[in-house]
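Only one structure is covered here, and it is reproduced in the block below.
The values are calculated or read from the model by the stated rules, or taken from the named source; none is laboratory data. Just so you know, these numbers come straight off a predicted model, no measurement behind them. A quick note on method: Cβ atoms are made from the backbone with ideal geometry, for glycine too, and the neighbour counts reach across all protein chains shown. Just the protein is used for accessible areas: all its heavy atoms, side chains included, with ligands, DNA and RNA removed. Shrake-Rupley method; radii C 1.70, N 1.55, O 1.52, S 1.80 Å.
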Amino acid sequence: YVPIAAGASLLSITVFMRCRGVECFPPILAEMANPLISSLEKLIGTPRDGALLRYSLGREYLKAGELERALGALREAVTRDPDYSAAWKQLGRALADAGRDAEALAAWNSGIEAAKRKGDRQAEKEMTVFARRLERNAAR
């Protein structure tokens, strides 16, 4: 493809394709867009596969706009480590941003409990604020 051979950036290639009505994003470009996702996915099923890996994958999927994959990875993170308050917080945030308020509230409530068990007061406070804000907006 000429723009790639000419050293065009990923952004310019994407804009070029979309301006011509091409909505697909070829796998090669997806891998170029986020090589970190590729690297993290290679670790799945290895001894390094754990809650931190799944949390990191979830965050990267969110950055890439892949909500369902992100939610799956974040849910796997909290399944592997139910006391991982950062993963609960990110899961709640992703669900709330997707308009899935009841699920977000449940995630944050679980995260609040996890934070209490770990003594993570900052995460507990943050998720409490998020949950209250969500409940207040739902009451309107």
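If you take every residue apart from residue 138 with its C-beta less than 14 Å away from the C-beta of residue 138, what net charge results, scoring Lys and Arg +1 and Asp and Glu -1?
+2
Could you compute the FRET efficiency for residue 136 and residue 79, with r as their C-beta to C-beta distance and R0 at 22 Å, rounded to 0.05?
0.15
Rank these residues by their accessible area, most exposed first, probe 1.4 Å: 97, 81.
97, 81
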